[in-house]
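Student: Let me give you the structure first, and then I'll get to my questions.
The values are calculated or read from the model by the stated rules, or taken from the named source; none is laboratory data. What you see is a predicted model; the values in this text were computed from it and never measured. Ideal geometry is used to build each Cβ from the backbone, glycine not excepted, and the neighbour counts take in all protein chains shown.
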Amino acid sequence: MTELARSRRGPSTGRVLVLGGTAEARRLAGRLVAEGVDVLSSLAGRVADPVLPPGEVRVGGFGGTAGLAAALDGVAALVDATHPFAATMTAHAAAAAAVTGTPLLRLQRPGWTAQPGDDWRWVDSLDEAATAVAGHRSVLLTTGRQGLAAFARLAAHCVVRSVDPPEPPLPARATVVLARGPFTVEDERALMTAHGVDVVVTKDSGGPMTAAKLTAARQLGVPVVLVRRPPLPEGVPVAATVEEAAVWALRWSGTTRPPATPRPR
Ligand code: NAP
């Protein structure tokens, strides 16, 4: 927050608002709570039984950019630690932070990189992913329970894995597997083998929690279709690790000296 914005909005409470729904957001909240920071974590409310972060938690949308801007009253710093594909929330965070003069950091884990032996095909959308797997017999869909409409017309058998029951329309020949990561490579190999999976579809979520499917696919010689991440808003600094974000938030919360903001990536 600039000094001008601080003086306009009165003294800061040192509160840090963490937009969450990811393992990194939970770890960041835990780290900041342990340091005595006043942390409010926000969840969208998509998952019926979410793993809750330490500290105070609110659930549900803010009501667009204007609602989030109103919620930033008394917030010293905002960390957008939502999933790399939560593009709407990320855009709202950038807009609300700009309007209110609230310091904003994007915490986003790096995407996955291919290793020798991987057979990866990159696409820009779920629709393109559906086209890419059209000739296959058995597809493992790990793109989450939303957006499955893109695959509704597939003739292939689809194994749909998600935390909560997926939203229709589903592919005509779908087997739903309800499960929450992390998964082991052995689990993933067993799932793929049991269903004769000959292609995997995933978003480029990054991180270790759901990476075992990539190793299993490599070991089984199964190709993977990866959906590229949406672009980040211009000018918002990005931290790749929880520790980097914690240092930034600790400083803005007033626990340590003012921050050296990471450069936009
Ligand atoms: P989205 O499309 O970017 O956001 C849609 C709307 O949901 C937002 O405009 C906002 O409503 C609300 N919202 C999203 N994240 C929120 C949060 N942390 N706190 C309060 N409201 C939130 O979001 P999404 O892709 O559906 O993701 C929803 C949640 O699931 C996020 O917390 C994200 O981190 C998590 N998640 C997403 C994915 C994925 O693949 N997209 C994967 C794993 C986890 P208002 O406009 O009313 O404020």
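Student: Inside the stretch 129-168, can you point out the residues that are more than 13 Å from Leu191 (Cβ to Cβ), part of a loop (DSSP other than H, G, I, E, B) and within 23 Å of the chain's Cα centre (by Cα)?
Tutor: Passing the criteria: Thr143, Gly144, Arg145, Gln146, Gly147, Val163, Asp164, Pro165, Pro166, Glu167, Pro168.
Student: Which of (1) at pLDDT 95 or above; (2) surrounded by fewer than 18 Cβ atoms within 10 Å (Cβ to Cβ) is the odd one out, the single condition Gln146 does not satisfy?
Tutor: Only one criterion is unmet by Gln146, namely (1).
Student: Residues that are within 8 Å of the ligand (Cβ to nearest atom) and at pLDDT 95 or above: find the strands (runs of 3 or more DSSP E) completely inside the stretch 1-117 holding 2 or more of those.
Tutor: Details: elements: 15-19, 39-43, 56-59, 75-80, 104-107.
Correct list: 39-43, 56-59.
Student: Another question about this same structure. Residues Gly61, Gly111: which one is touching an Asp or Glu at 6+ places or on another chain (Cβ under 7 Å) and either surrounded by fewer than 23 Cβ atoms within 10 Å (Cβ to Cβ) or closer than 30 Å to Ala156 by Cβ (or both)?
Tutor: Working: Gly61 fails: touching an Asp or Glu at 6+ places or on another chain (Cβ under 7 Å).
Selected residue: Gly111, the only one of Gly61, Gly111 that is touching an Asp or Glu at 6+ places or on another chain (Cβ under 7 Å) and either surrounded by fewer than 23 Cβ atoms within 10 Å (Cβ to Cβ) or closer than 30 Å to Ala156 by Cβ (or both).
Student: With respect to Val236, determine if the residue is in contact (Cβ under 8 Å) with a residue 60 or more places away in the chain, closer than 21 Å to Asp127 by Cα and touching a helix residue (DSSP H, G or I) at 6+ places or on another chain (Cβ under 6 Å).
Tutor: On the way: in contact (Cβ under 8 Å) with a residue 60 or more places away in the chain: yes; closer than 21 Å to Asp127 by Cα: no; touching a helix residue (DSSP H, G or I) at 6+ places or on another chain (Cβ under 6 Å): yes.
Judged against the criteria, Val236 is not a match.
Student: Which of the residues spanning the stretch 175-190 are of a type in the set (A, V, I, L, M) and either assigned to a loop (DSSP other than H, G, I, E, B) or surrounded by 21 or more Cβ atoms within 10 Å (Cβ to Cβ) (or both)?
Tutor: Filtering the stretch 175-190 down to residues of a type in the set (A, V, I, L, M) leaves 176-179, 185, 190.
Hit for the stretch 175-190 is Ala179, nothing else.
Student: Moving on to the next point. Could you please tell me which pairs satisfy a Cβ distance under 9 Å, a separation of 6+ or placement on different chains, a first residue in the stretch 196-211 that is away from the ligand (no atom under 14 Å from the Cβ), and a second residue that is hydroxyl-bearing (Ser, Thr, Tyr) and part of a strand (DSSP E or B)?
Tutor: Gly196/Ser138; Val197/Ser138; Asp198/Ser138; Val199/Ser138
Student: Look at Pro171 and say whether it is buried (at least 16 other Cβ atoms within 10 Å of the Cβ), assigned to a loop (DSSP other than H, G, I, E, B) and at pLDDT below 95.
Tutor: Details: buried (at least 16 other Cβ atoms within 10 Å of the Cβ): yes; assigned to a loop (DSSP other than H, G, I, E, B): yes; at pLDDT below 95: yes.
When the stated conditions are applied, Pro171 passes them.
Student: Those residues that are within 15 Å of Gln115 (Cα to Cα) and not in a loop (DSSP other than H, G, I, E, B), I need them from the stretch 202-258; list them, please.
Tutor: Ala212, Lys213, Leu214, Thr215, Ala216, Ala217, Arg218, Gln219, Leu220, Val224, Val225, Leu226
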